Amino acid sequence: MNKTIIVICAILNLLVVTYVRANTAKLINPVNNHVYQRFDVPATWGKAKTSCANKGGYLATITSQAENDWLYNNNVIKNKWLFLGASDSENEGQWKWITGEEWNYTNWHSGEPNNQGNEDYLTMNIDGSWNDGKASSTPLAYLCEWDKLLKTYTQMVISDSNSDGSDEFVLIGNDGFVNKIVAIDRQNKSVISEIDFLAYPEYRGVSLNVVDDMNGNNAAEFVLLMTKKLDGSSVIETRDSVTGKLIESYAVPR
């Protein structure tokens, strides 16, 4: 084969591979104000679920025709086989969203789900219809979702925590992707600490208090009240104001 042709073929192959593995940008759905991003490096369902959680979101749940159509029409899911956040692994035939949302909308492809070879995890076909797939034997692309509605902050002023003679602003809330606490020095406007709660995308920060040093590092502690978005249950956490390390946790009785 001519060397020029070989080089051209190699370049074309590289372009194809780059396109196939190109993640989408984060897109905001104006219908529900949620954020979505597709990741194209194949993963098993479990790893995809963990990956979304580590990014402060969750493996996407599609609970209406409008949501499914928007994702398809905006090329977020078009022409891709991918994992979504649902399973019937606990009870065959009883599908559940991982977020606990009600299972009242489906978009199954004709003849699906058929549980062929023990298929317990929700996948999406290239045409936007749904299928059941296996967790480990078929790595796929996957779709992450973030609840943009939590982009709200509660602000308070606390006494000097970094010993520079000035009080601090403290913000608690969510930037659209992760729960955060941000402490800002009132004097020089620098950020003293910024703590992300990637493990708790399902919780909304409600209020924050500051208590004296509990772990002996000469820094105040944050006491954070968080409420679960779906069922209203709450948890109180005490964390180091500098490192974010958890000191104690308490589930609020209901």
Legend entry - Amide H within-cut-off set for Q187, under 5 Å, with H built and near neighbours excluded: none
Inset, instruction - Between the alpha-carbon centers of segment 210-254 and segment 92-148, tell me the distance in whole angstrom. - result: 35 Å
Inset, instruction - Let me know the charge dipole size of segment 40-82 about its Cα centre in debye, to the nearest 20, where only the beta-carbon of Lys, Arg (+1) and Asp, Glu (-1) is charged. - result: 200 debye
Legend entry - Two-site label geometry, D213 and T106: point separation in nm, points 7 Å out along Cα→Cβ: 5.9 nm
Legend entry - Net charge of Cβ neighbours under 14 Å - reference Y105; Lys, Arg +1; Asp, Glu -1: -3
Inset, instruction - Run the quick spin-label model on F169 and V252: label points 7 Å from Cα toward the beta carbon, then report their separation in nm to one decimal. - result: 2.6 nm
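Computed from the coordinates by the stated procedures, all read-outs in this text should not be read as laboratory data. Being a predicted model, the structure only gives us computed values, none of them experimental. Don't worry about glycine lacking a Cβ; one is built from the backbone with ideal geometry, like all the others, and counts go over all protein chains shown.
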